[in-house]
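Participant: What follows is a single structure, and I will ask about it in a moment.
The values are calculated or read from the model by the stated rules, or taken from the named source; none is laboratory data. Quick caveat, the model's predicted, so the values are computed rather than measured. So basically every Cβ, Gly included, is an ideal-geometry build from the backbone, and we count neighbours across all protein chains shown. Surface accessibility is based on the protein's heavy atoms, side chains included, excluding ligands, DNA and RNA. Shrake-Rupley method; radii C 1.70, N 1.55, O 1.52, S 1.80 Å.
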Amino acid sequence: ISLAAVGTASQPVDLLLCLFFGIGGGVSILVSQYVGGQDFDSLKKTVSTATFFLYGCAIPLMVLGIAAGPLILKWMQVPEDTMEYASVYMRIVFLATLGNMGYNLNAGILRGMGDSRSSLLFLIISCFVNIVLDLLFVVVFHMDVAGAALATAIAMFASWIFSIAYIIKKYPELEFTILPRRFDRHSMAEIIRIGLPLGLNNSIYSVGHIMMQSLVNLQGSAFMASCTLVNRVTGIANVSINALGSAATTFAGQNLGARQIPRLKKGGRQIPLVAGLITCAVGLLVTGFARPLFSLFTEDSQVLDLAVLNTCITMPTMWLFAVFSTIVSFANGIGVIRFPTVINVLMLWAVRIPAALLIAHVIGGIYIPLSYPISYLFGLAAILTFYRSKQWKEI
């Protein structure tokens, strides 16, 4: 039940924060383009304005999340035996909204500067803090879900604080400050112009994920727990997707800013190819060792069987999503936002959700994961047309 609660409570958190994360992605794109074009005045204004925007969003979202979270869980049809645990987890995690959003914003700035190693280091520190505190709060103090949430919240703030100290020391030319200091209207307009479509896409996508989670919740706690396990393990494959997606955005933005068009063309082909190959290898490896991996988390045979089935359906086809995702990131890096956004929305709302509903009705609820490879295939076929688009041809 605790495992199911943590998995389902993560969805409302993503829903309320994803709009800002998209706008943070817009900051990263602008930073990369300004760095490539050596426009340091615009760079400083953008970073300063982004810090102002962070505080303006984080505090209201924290209050909204704590107040509205339980209502969202009810709308998601969370079972009664899971509801109390999920509510506790969500409220505590929302207390760390500023740390969560602050780290993601700073990581975007660092990626835009071409410094992806540092954001990875802070993420590793955060994971280490999270693991140690999980063991302390859950195993030693027996705090269960509340302990897991508190460990996550503290880890978020730790990664944010470390990233602030690093940026101030490493990049003094940015004139970075902990508290908001300077606001520039033009910079804010540019951030919103690029980041708002990304944020809206994330929001629409997150609502869709909540609908998918609602379908999962209807299958009972065992299936919920199995999906939570699979989501944790598929994070292994998502590491390469997220890393190469971030690299694609920064690479595209910096080379467009510097007008290095031959390198831009070469990267547009090679980055998705590498992402697909790595994810394919990881997906097959995880599928082959699925049961031993999941046995580290639970001994429930029903949960294990469902998790292995889910993995065998989704993991061998994750490479399709890897190629799709890196092409989307690459397009975003050169400022092409609308086209990938439309495809993303269609992939979820026109393909995955209808397919999941149909599969649950015709075959059975435990086969809902089949909707993922179906949507991956559609998304990849659609996004490949980007390389024949007017924008790409002009570049």
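Participant: Got a number for the accessible area of Phe52? Probe 1.4 Å, square angstrom, nearest 10.
Facilitator: 100 Å²
Participant: Pairs of lysine in the chain with Cα under 27 Å and at least 8 positions apart or on different chains: total?
Facilitator: Working: Lys44/Lys169; Lys44/Lys170; Lys45/Lys169; Lys45/Lys170; Lys265/Lys390; Lys265/Lys393; Lys266/Lys390; Lys266/Lys393.
Within the chain, the lysine pair count is 8.
Participant: Starting from the residue with the highest accessible area, list Met143, Met83, Met76 in decreasing order, probe 1.4 Å. Could you put the intermediate results ahead of the total?
Facilitator: On the way: Met143 70, Met83 30, Met76 0 Å².
Output order, biggest surface exposure first: Met143, Met83, Met76.
Participant: Sticking with this one: If you build a Gaussian network model of the chain, linking Cα atoms that sit under 10 Å apart, which residue out of Leu121, Leu61, Leu98 swings the most?
Facilitator: Evaluated over the chain, the most mobile residue of the options is Leu121.
Participant: So how far, in whole Å, is the C-alpha centre of region 308-362 from the one of region 199-224?
Facilitator: That distance is 14 Å.
Participant: Rounded, prolate or oblate for region 319-394? Axes are the square roots of the Cα gyration tensor eigenvalues, ordered a ≥ b ≥ c, and the cut-off for rounded is a/c under 1.5. Don't jump to the answer; show the numbers that get you there.
Facilitator: Values: a/c = 3.26, a/b = 2.70, b/c = 1.21.
Verdict is prolate for region 319-394.
Participant: State in Å² the accessible area per residue of the chain; use a 1.4 Å probe, count heavy atoms of protein chains only, and round to the nearest integer. The partial results should precede the final answer.
Facilitator: Numbers: 17600 Å² over 395 residues.
Solvent-accessible surface per residue comes out at 45 Å².
Participant: Taking K and R as +1 and D and E as -1, what net charge do the other residues with C-beta under 14 Å from the C-beta of Ile327 add up to?
Facilitator: Details: positive: Lys265, Arg269, Arg388; negative: none.
After counting each charged neighbour, the total is +3.
Participant: OK, next. At 222 nm, what value in deg cm²/dmol follows for the chain if DSSP H runs of at least 4 each add -39500 (n - 2.57) and the sum is divided by all its residues, to the nearest 500? If you can, show how the numbers build up before the last one.
Facilitator: Values: 16 runs with 318 residues, N = 395.
The helix-only estimate for the chain comes to -27500 deg cm²/dmol at 222 nm.
Participant: Suppose accessible area is computed on protein heavy atoms with a 1.4 Å probe; arrange Lys74, Lys44, Lys169 from highest to lowest.
Facilitator: Details: Lys74 140, Lys44 50, Lys169 170 Å².
Listed by decreasing accessible area, they come as Lys169, Lys74, Lys44.
Participant: A follow-up question, please. Please give the solvent-accessible surface of Leu95 in Å², to the nearest 10, using a probe radius of 1.4 Å with every protein chain present.
Facilitator: Roll a 1.4 Å probe over it and Leu95 shows about 100 Å².
Participant: I need the peptides 105-111, 371-377 ranked by packing, meaning the mean over residues of other C-beta atoms within 10 angstrom, with the highest value on top. Walk me through the numbers before you get to the answer.
Facilitator: Details: 105-111: 26.0, 371-377: 20.9.
Going by the mean number of other Cβ atoms within 10 Å, highest first, we get 105-111, 371-377.
Participant: Using a cut-off of 15 Å between beta-carbons, work out the net charge of the residues near Gly56 (Lys and Arg +1, Asp and Glu -1, Gly56 not included).
Facilitator: Working: positive: Arg181, Arg182, Arg185; negative: Asp184.
Local net charge: +2.
Participant: With every protein chain left in place, what is the accessible area of Cys57 in Å² (1.4 Å probe, nearest 10)?
Facilitator: 30 Å²
Participant: Explain nothing, just the number: dipole magnitude of region 23-89 about its Cα centre with +1 on each Lys and Arg Cβ and -1 on each Asp and Glu Cβ, in debye rounded to the nearest 20. Display every interim value, and only then the final one.
Facilitator: Values: 3 positive and 5 negative charges, 57 e Å.
Here region 23-89 has a charge dipole of around 280 debye.
Participant: Continuing with the same structure: Using a Gaussian network model of the chain whose springs link C-alpha atoms within less than 10 Å, name the residue from Gly112, Gly235, Gly276 with the highest mean-square fluctuation.
Facilitator: Residue with maximal mean-square fluctuation among Gly112, Gly235, Gly276: Gly235.
Participant: Working from the alpha-carbon coordinates of the chain, get Rg over Rh, Rh being the Kirkwood radius. Numbers along the way, then the final one.
Facilitator: On the way: Rg = 20.7 Å, Rh = 21.7 Å.
Expressed as Rg/Rh, it is 0.96.
Participant: Which distance in nm do the two modelled labels at Arg269 and Arg388 give, with both placed 7 Å along the Cα-to-Cβ direction?
Facilitator: Each label point is offset 7 Å from its Cα along the Cβ direction, giving 1.7 nm.
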